[in-house]
1. So what is the 222 nm mean residue ellipticity for the chain from helices alone, if each DSSP H run of at least 4 adds -39500 (n - 2.57) and you divide by all residues, rounding to the nearest 500 deg cm²/dmol?
2. Could you count how many Lys pairs in the chain have their Cα atoms under 13 Å apart, skipping same-chain pairs fewer than 8 positions apart?
3. What percent do you get for the relative contact order of the chain when only Cα pairs under 8 Å and 6+ apart count?
4. What's the FRET efficiency of ARG4 with ASN37 using the Cβ-Cβ distance as r and R₀ = 35 Å, to the nearest 0.05?
5. Want the number for ASN12 to ASN63: 0.36 nm per residue separation, take away the alpha-carbon distance, what's left?
6. Express in whole angstrom the spacing between the alpha-carbon centres of region 47-77 and region 10-33.
7. Determine the principal axes of the Cα atoms in region 5-76, then give the extent along each, sorted from largest to smallest and rounded to whole angstroms.
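Laboratory data are not the source of any read-out in this text; all were calculated from the coordinates shown. Treat the numbers as computed from the prediction; the structure is a model and nothing was measured. Cβ placement follows ideal geometry from the backbone for every residue including glycine, while neighbour counts extend to all protein chains displayed.
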Amino acid sequence: MQIRAKAEYVNNYILRLQFNNGKEINVDFQPFLKGNNHPDIRKYLDKKLFKQFMLIDGNLNWNDYEMIFPVEDLYNALPAPVLNGNY
């Protein structure tokens, strides 16, 4: 079964992912964003930019693949993915 998801902004740097099998998780991207020193990643600490995500081909995507997370990887990290600067 291919994992598909819907994503919605919750607050701060948290997105809710709802998977096609009924599972749902909230992912907090703040530790990842704050723990990363690369300017192309840190710029997403600007919430206006952070909110501009899209789901494309099974990936949570910002700005034409500048920052990307496969939803299947996030799903496999259930119950709650922990994102740090090394993801």
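1. Numbers: 4 runs with 20 residues, N = 87.
Theoretical 222 nm ellipticity from helices: -4500 deg cm²/dmol.
2. Values: LYS6/LYS23; LYS34/LYS43; LYS34/LYS47; LYS43/LYS51.
Lysine pair count for the chain: 4.
3. Working: 130 pairs, mean separation 25.4, N = 87.
For the chain, the relative contact order is 29 percent.
4. On the way: r = 33 Å, r/R0 = 0.93.
Using R0 = 35 Å, I get an efficiency of 0.60.
5. On the way: separation 51, 0.36 × 51 = 18.36 nm, distance 1.87 nm.
The ASN12-ASN63 span can extend by a further 16.5 nm.
6. 11 Å
7. So the three principal-axis extents are 36, 23, 21 Å.
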